[in-house]
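Bear in mind these aren't lab numbers, they're just calculated from the coordinates by the rules spelled out. Only a predicted model underlies this, so the values are computations on that prediction, with no experimental measurement involved. Note that each Cβ is placed from the backbone with ideal geometry, even for glycine, and that neighbours are counted across all protein chains shown.
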Amino acid sequence: MIMNTILITLLVVVALLALAFLGLAIQVMFKSDHKFPNMHIGSNKNLSKRGITCAQSWHKIEQKNAQKIPYEGLHLSND
C-alpha cells in the first residue's frame, strides 16, 4: 500500500516537471528571438536607474578599477 502511494506521488511529480519543461520549450520556440528570458539584475532598467547591480557585475567593475600592487620589491618576513 505504501509502495503504491510513493509510486503515484513520483509519477505525479515527474508529470508536473515534464509539463514545466514543455512549457519552457514552447515559450522559447514561439518567441521571436528564440532565447530564454533574461533574469539578470543588470538587465532590469528600473534597478539600473537606481544604481543597483548584481554581485557579479559589481565585482567585475571593482576588479577593473582596483589598483595593482607592485610585488617585485616585496619579500616574506623571517620573523
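Some observations on this one:
- Between helix 2-30 and the chain: long-axis angle, C-alpha atoms, 0 to 90°, nearest 10: 60 degrees
- Here the label points at Ile26 and Asn4, each 7 Å from Cα along the C-beta direction, are separated by 3.3 nm in the simple model.
- On Cα atoms only, tilt of 55-65 relative to the major axis of the chain in degrees: 20 degrees
- Working from label points 7 Å from Cα in the Cα-to-Cβ sense, the Lys64 to Leu47 distance is 1.8 nm.
- Label of the coordinate-derived value, semi-axes √(5λ) of the Cα gyration tensor in Å, listed as (i) 22, 12, 10; (ii) 49, 26, 12; (iii) 41, 16, 8: (ii)
- 26 Å Cα-Cα reach of Lys49 towards lysines, excluding residues that sit fewer than 8 places from it in its own chain: Lys35, Lys60, Lys64
- Long-range amide H partners of Cys54 with built H, under 5 Å: Gly42
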